[in-house]
Amino acid sequence: MHHPGPPRFLATGERTELAPRDPDPDAAYAWRVADAPPDSEATVGDDPVTEFTPDVPGRYLLGLDAPDGDHLLTVRAFPASYEGVDVAGGSGTAIRDRDAGDVDAPVDYAARERHEGVGKPRVRVDASVASGDDAGRRGEAVFTAVPSPNPESSLDADDLAVTFVVDDRDVADAVAAGRANPRDALRVTGEGRELRVPLDAVPERLRVHAVAVARDPGEDPRVSVADAAAVKRVGSSPSALDDAAEGEAVLTPDTPEFETVRLNEPPGWTREASVYEVFVRTFADAEEGEGFDAIAERIPRIAELGVDTLWLTPVLGHDGKQHGYNIVDFFDTADDLGEREDFEALVETAHEHGMRVLFDFVANHTARDHEWFRDAYQNPDSPFRDRYEWQESGEPGTYFDWELIANLNHANLDVRRFLLDVIDEWAPLVDGFRCDMAWAVPDSFWRELRDRVKDIDREFLLMDETIPYIPGFHEGMFDVHFDATLYFQLRQVGRGAEPASTVLDAVDQRAEIGFPDHAEFLQYIENHDETRYRVECGDAAAAAAGAAIMTLPGVPMVYAGQEIGQRGRRDAIAWDHAREEVRDRYERLLETRREHPALGPEGDLSRVGYHVASGDLSERPIVASGDVHPDDVVAFRRQDGEEDLVVVLNFAPADASVAVEVDHGERDVVTGERCIVEDGEGTERLRVDEVAVVRVVGE
């Protein structure tokens, strides 16, 4: 269906891209403003892919005349004052050149996202089904929204209003099937927090989207990231609710003919996931050979480390650059890695060892060696000319002076069709996409990608590389987001430029700029674009930073070689010179995280008071570097309802002696050893090398 997708929630003056889905490049498409608030003068362009900017608050209906009929898209616009703020959002200015390795501070998107000191509120939407009763009350589908103010806002939940919008696609399907329009049967209850629909008015699938906004827009002009839930009739045609698992879809016990699902919830398996990145061209040593077979040979050893998700850098035909992101053939594997059958065998081997596989999907550009570009360059008459962005100089659009790529023109339907075909080619073989340069590709494309893959498999993972991260990318686009903010702060701490406590500020920033609580984040200290952490910050800080990503709320990632003390960013992994003590430490940390879910994404994070001794209070002598400075240490608490833990991280080369202001056990759950020492006054303290994790007792 060519319908442009889910409803949009915007602030006045905020731009959104409109595009027909599953496009036929040879077909005709026409947009129009079918309905708008009385004072609006907003228009849409004449091209199949166009932009729309609401100019006054209210409800807009945008029409798309397509080969399969007329489609309507709802846009809800809210009042906002955005002087000096880039409401279109965006990222990219902090992305490092993947061949340069420089380490610049990310742009402070948090500051840009806040307005007058306040970031976005948040909202969560759940669906349930209430059966009828003997008193004649009909069963209902109930959509419940729970809004929460921004942590830095002076508002509370009662100051927030909820706006619900039923998905236009489901209304159209109901009417086309001869059913009643479900909007005619809606009622809002619970002080505007619930939307109810009689079950006999629910079509084959009913998706409801909602945002939270301040009741008084003058108090807080920001609109939350939208959330969505759905109710589906069991046994109907395949949809985004099929093949769900691990709690993603719920079969309602009293009304078994219906299922419910939260549409923006990450796959259930990511709650316990740990990622291992493989830079595919230097991962194996010469004796093992090269390519997919050599990687497959090492899968058992990777699995023994304790990770369960394999991210492979690009495996497609490329221009000869080592990193592989300059792609020349999107439909076949690279010659230097092996045949497609070898890739499929590698994926199968990973699955046999309990590991999922992430495919590195490149949608922003092609290599300049791609056949399209070779024909289009300096050839205005080329049929491929409009498939690229061009500068006035006649050179292609690109980023950061990268000379060997050319940016695709996503407003071209041939490009959209091509990329959707690439998705269809590779998605069935793997368990998720890591999406390269997600910030440089239009939102409308990512929303279509999500619906396309989730319609087949709700458990398919979508991870974005957007640096710095953008809250709106969790709105019907991605499940897990690169946390470059935490990455950079861990580097700052490791260099001694910031106190260790600021890593907690970095985690808090996720909610402060508007990410919902159910968003998940990839936590890393190095990857193929970055200098190895230990090279820049030293071994002691690297040990603490590695422990941080395992004990803070998120999805931890290990970059191949990190677990053995590798120093080269993209050099061949020095397996024969592995530092086994480093690997042992990562194995213990990963095992600890698996055995203690409170350390995972769903465990609560809170601060705890602590004091670092100024002198040597440990049973072992402090090394010659001297005493531990208080700024080298941070302590925090992790709770999940079943377990309550205190974590202490120490970035200094010397052992730290730390008094924590909560009663706790004596044994470190990471090592199983007693980690208590006493000072001269009988006060018990924790002895911490790089990390100590102890249970809270007596509460």
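Report note on the peptides 205-212, 358-365: ranked by the mean count of other C-beta atoms within 10 Å, highest first, their order is 205-212, 358-365. In terms of the mean number of neighbouring beta-carbon atoms within 10 Å, the peptides 440-452, 564-576 order highest first as 440-452, 564-576. Projecting the Cα atoms of VAL44, ALA574, ALA427 onto the charge dipole of the chain (Cβ charges, centred on the Cα centre) puts VAL44 farthest toward the positive pole.
Annotation: amide H of ALA161 within the under-5 Å range of VAL213, ALA214, ARG215, sequence separation 5 or more or interchain, hydrogens built in the peptide plane. Where [x] 1.15; [y] 1.40; [z] 0.99 are the candidate values, the label of the one calculated here for Cα Rg over 2.2 N^0.38 Å is [z]. For the chain, the share of accessible area belonging to carbon and sulfur comes to 43 percent (1.4 Å probe, ligands and nucleic acids excluded).
Converting phi to 3J(HN,Hα) with the Karplus coefficients 6.51, -1.76 and 1.60 and the offset θ = phi - 60°, region 659-672 yields 9, 10, 7, 7, 5, 8, x, 9, 10, 6, 6, 6, 9, x Hz in sequence order, with x at every glycine or proline. Phi angles of region 422-438 translate, via the Karplus equation with coefficients 6.51, -1.76, 1.60 and θ = phi - 60°, into HN-Hα couplings of 5, 4, 5, 6, 10, 4, x, 8, 10, 10, x, 10, 9, 9, 5, 6, 4 Hz per residue; Gly and Pro are given as x. The amide H of ASP227, built 1.01 Å from its N in the peptide plane, has ALA210 as neighbours under 5 Å, considering only residues 5 or more places off or on other chains. Looking at the chain alone, DSSP beta bridges between its own residues are antiparallel in about 75 percent of cases. Here the contact order of region 551-608, divided by its residue count and restricted to Cα pairs under 8 Å and six or more residues apart, works out to 49 percent.
Leaving out ligands and nucleic acids, and using a 1.4 Å probe, what accessible area per residue does the chain come to in Å²? Result: 38 Å² per residue. Computed over the chain, the per-residue total of -39500 (n - 2.57) for DSSP H runs of n ≥ 4 gives a 222 nm mean residue ellipticity of -5500 deg cm²/dmol, rounded to 500. Computed on the chain, with alpha-carbon pairs under 8 angstrom and 6+ residues apart, the relative contact order is 11 percent. Taking amide H atoms as placed 1.01 Å from N in the peptide plane, the amide H of ALA363 lies under 5 Å from those of ASP436, each 5 or more residues away in sequence or on another chain. Listed by chain and number, the lysines placed with their C-alpha closer than 16 angstrom to that of LYS232 are LYS454; residues fewer than eight positions away on the same chain are left out. Shown in residue order for region 393-405 are the 3J(HN,Hα) couplings computed by the Karplus curve 6.51 cos²θ - 1.76 cosθ + 1.60 at θ = phi - 60°: 6, x, 8, x, x, 7, 10, 6, 6, 5, 8, 10, 10 Hz (x for Gly and Pro).
The values are calculated or read from the model by the stated rules, or taken from the named source; none is laboratory data. Quantities reported herein were computed from a predicted structural model and do not represent experimental measurements. With ideal geometry, Cβ positions are generated from the backbone for all residues, glycine too; neighbour counts draw on all protein chains shown. Each accessible area value is taken on the protein alone, full model and side chains, heavy atoms only, with ligands, DNA and RNA left out. Shrake-Rupley method; radii C 1.70, N 1.55, O 1.52, S 1.80 Å.
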